[in-house]
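Enquirer: Sharing a structure with you now.
The values are calculated or read from the model by the stated rules, or taken from the named source; none is laboratory data. This structure is a prediction, so every number in the text was calculated from the model and none was measured. A quick note on method: Cβ atoms are made from the backbone with ideal geometry, for glycine too, and the neighbour counts reach across all protein chains shown.
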Amino acid sequence: MLYIHNNPVHHGFTEHADEYQWSSYLTCISKMSTNLKRDTVIEWFEDVPNFKSLHNPYLDIGKIEQSLELH
């Protein structure tokens, strides 16, 4: 999820995941009705504040990519 939401940041389209309108990031943190399994996603991060803090623009996407390759 971090990799997906930060991909637009990594490629220079935006400076933060919440600025990319086609991302599910904003849906994850909103209270609006959605088909997205929002509660499940937020549970992966424990809570909304932790979800937001882990989506900061200073994440090292290279490390995330390396982690994905290891699994």
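Enquirer: Starting from the stretch 31-43, take each residue that is closer than 16 Å to L54 by Cα and list its partners that are at pLDDT 90 or above and among the aliphatic types (A, V, I, L, M), counting only C-beta distances under 8 angstrom and pairs at least six apart or across chains.
Expert: I42/V48
Enquirer: Tell me which residues, restricted to the stretch 20-46, are touching a Pro at 6+ places or on another chain (Cβ under 8 Å) and of a type outside the set (F, W, Y).
Expert: S23 - this is the single residue of the stretch 20-46 that is touching a Pro at 6+ places or on another chain (Cβ under 8 Å) and of a type outside the set (F, W, Y).
Enquirer: Follow-up. Are any residues in the stretch 1-20 in a helix (DSSP H, G or I), of a type in the set (D, E) and touching a residue at least 12 places away in the same chain (Cβ under 8 Å), and if so, which ones? Give the derivation first.
Expert: Step one: of the stretch 1-20, the residues in a helix (DSSP H, G or I) are 2-10, 17-19.
Checking which are of a type in the set (D, E) leaves us with 18-19.
Result: D18, single match.
Enquirer: Moving on to the next point. Can you report the number of residues in the stretch 21-49 which are in a helix (DSSP H, G or I) and either at pLDDT below 90 or closer than 15 Å to V9 by Cβ (or both)? Quick ask: steps written out before the conclusion?
Expert: Taking the stretch 21-49 first, the residues in a helix (DSSP H, G or I) are 25-29, 38-44, 48-49.
Next cut, either at pLDDT below 90 or closer than 15 Å to V9 by Cβ (or both) only: 25-26.
Residues that pass the stated criteria total 2.
Enquirer: Name the pairs: first residue in the stretch 45-60 and of a type in the set (S, T, N, Q), second residue at pLDDT below 85, Cβ to Cβ under 8 Å, at least 6 apart or on different chains?
Expert: As it stands, the answer is none, since no pair meets every condition given.
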